[in-house]
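Undergrad: Right, I'll just put the structure down here and ask away after.
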């Protein structure tokens, strides 16, 4: 059958527009893809097998060294706080150093921390660990019956060092207050919580409020410059 032009060939417009690939071109493309894939695998393997560069090792050592320095500085800071708190309580209660861990009273530790910024040695920074507050947890400018914990981590570390108990944490400190409240009436009172949460807010009892003046006097004495004899 002839076409309109009499050539006997089909019109180009009647052929579907399908791209034709020679088998050789397909093989070349597949080979190129395999080469790229093998190159990527080789590069990844080289990275895994290659030892770390001196720069990477140096950075690792510097990071570890910085972390150790920070840890040492933090421990020294806590030790200094603990020594000061113990000194205040020893002078306040005439307690010997070797008797501290057994005879130490938790409310005296709390009062020392709360009152130091006003009456004690200002170089011993015990601020922002505990704070006086109202019954709803709002911080107050003066002394009152309620207080709250601001820094549970530091308070836990202080209590661990003061008690000489390596396993002590902030929860151990909080439990010491609860035990004191149960076994020795007058040092800590129950909170009137109602339906509101009172997490980490505590209330002093009458005996602790009475001891506040004694702790203030001791803090003033400890903070006074000591005379040197030549």
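The values are calculated or read from the model by the stated rules, or taken from the named source; none is laboratory data. No experiment lies behind these values; they were computed from the predicted model shown. Reconstructed Cβ throughout: ideal geometry from the backbone, glycine too, with neighbour counts over all protein chains shown.
Undergrad: Could you tell me which residue of the stretch 158-169 is surrounded by the fewest Cβ atoms within 10 Å (Cβ to Cβ), considering only residues that are touching a helix residue (DSSP H, G or I) at 6+ places or on another chain (Cβ under 6 Å) and assigned to a loop (DSSP other than H, G, I, E, B)?
TA: 164
Undergrad: Look through the stretch 144-157, keep the residues that are closer than 19 Å to residue 201 by Cβ and touching a residue at least 60 places away in the same chain (Cβ under 8 Å), and return whichever of them is surrounded by the most Cβ atoms within 10 Å (Cβ to Cβ).
TA: Restricting to residues being closer than 19 Å to residue 201 by Cβ and touching a residue at least 60 places away in the same chain (Cβ under 8 Å), the top hit is 154.
Undergrad: How do the pairs read when you match residues in the stretch 77-91 that are free of Cβ contacts under 8 Å to residues at least 40 places away in the same chain and at negative phi with residues anywhere that are surrounded by fewer than 17 Cβ atoms within 10 Å (Cβ to Cβ) and assigned to a helix (DSSP H, G or I), using Cβ under 7 Å and keeping only pairs 6 or more apart or on different chains?
TA: 90/97
Undergrad: Any chance you could count how many residues in the stretch 198-220 are modelled with pLDDT under 95 and loosely packed, with under 14 Cβ neighbours inside 10 Å?
TA: The qualifying residues number 1.
Undergrad: A follow-up question, please. Check residue 92 against each of (1) in a helix (DSSP H, G or I); (2) surrounded by fewer than 19 Cβ atoms within 10 Å (Cβ to Cβ) and name the one condition it does not meet.
TA: (2)
Undergrad: Could you check how many residues of the stretch 158-170 are under 13 Å from residue 113 (Cβ atoms) and in contact (Cβ under 8 Å) with a residue 60 or more places away in the chain?
TA: Of the residues in the stretch 158-170, 2 are under 13 Å from residue 113 (Cβ atoms) and in contact (Cβ under 8 Å) with a residue 60 or more places away in the chain.
Undergrad: Any chance you could count how many residues in the stretch 148-166 are touching a strand residue (DSSP E or B) at 6+ places or on another chain (Cβ under 7 Å) and closer than 15 Å to residue 83 by Cα?
TA: Matching residues across the stretch 148-166 total 1.
Undergrad: Please go through the stretch 191-224 and pick out each residue that is touching a strand residue (DSSP E or B) at 6+ places or on another chain (Cβ under 8 Å) and under 15 Å from residue 137 (Cα atoms).
TA: 191, 200, 201, 202, 203, 204
Undergrad: Applying the selection to the stretch 118-143, what residues are part of a loop (DSSP other than H, G, I, E, B) and surrounded by 15 or more Cβ atoms within 10 Å (Cβ to Cβ)?
TA: Those that are part of a loop (DSSP other than H, G, I, E, B) and surrounded by 15 or more Cβ atoms within 10 Å (Cβ to Cβ): 120, 121, 124, 126, 129, 135, 137, 143.
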